[in-house]
Amino acid sequence: MTSIKFFWKQDCPKCPEAKQIFNGLKEKGFKVTDYNLNTADGLAEGTYHSVLSTPTFLVIDDNEREILQWRGDVPTFEELFAVLMSHDVKPQCMC
């Protein structure tokens, strides 16, 4: 199952806007996980994916490979949603 990973930091000026997009994706039923880079777990996951700037959105396939990325940039929700749909990344069932 394809998933979306969102990396952020508490002192990141763009992260509040990115969190709104994260919440919108979650509400639409996408499998989304957030990682606070100010924590040990978040930093470990960020290091694994070479996250050097925040906010970062990564779309990960079943083999933990990055298939899409936005690093240090905040796409609009519409832009991100359209790109996800064009790459056949679908929300999970909200049953």
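No value in this document is a laboratory result; all are computed from the given coordinates. For clarity, every value in this text was computed on a predicted model and none was experimentally measured. Note that each Cβ is placed from the backbone with ideal geometry, even for glycine, and that neighbours are counted across all protein chains shown.
How about segment 52-95: which of its residues are of a type in the set (Val, Ile, Thr) and either within 17 Å of Phe22 (Cα to Cα) or out of contact with any strand residue (DSSP E or B) (no Cβ under 7 Å at 6 or more places or on another chain) (or both)? Thr54, Thr56, Val59, Ile60, Val74, Thr76, Val83, Val89, listed by residue number. Restricting attention to segment 62-95, the residues that are farther than 29 Å from Asp11 by Cα, part of a loop (DSSP other than H, G, I, E, B) and not basic (Lys, Arg) total 10. Note on segment 24-49: residues that are under 22 Å from Glu78 (Cα atoms) and part of a loop (DSSP other than H, G, I, E, B) total 4.
Just a yes or no: is a residue in segment 33-48 in contact with a helix residue (DSSP H, G or I) (Cβ under 8 Å, 6 or more places away or on another chain), surrounded by 13 or more Cβ atoms within 10 Å (Cβ to Cβ), of a type in the set (Val, Ile, Thr) and on the phi < 0 side of the Ramachandran plot?
no
Filtered by the rule that a residue be of a type in the set (Phe, Trp, Tyr), in contact (Cβ under 8 Å) with a residue 40 or more places away in the chain and under 13 Å from Trp8 (Cα atoms), segment 28-61 gives a lone residue, Phe57.
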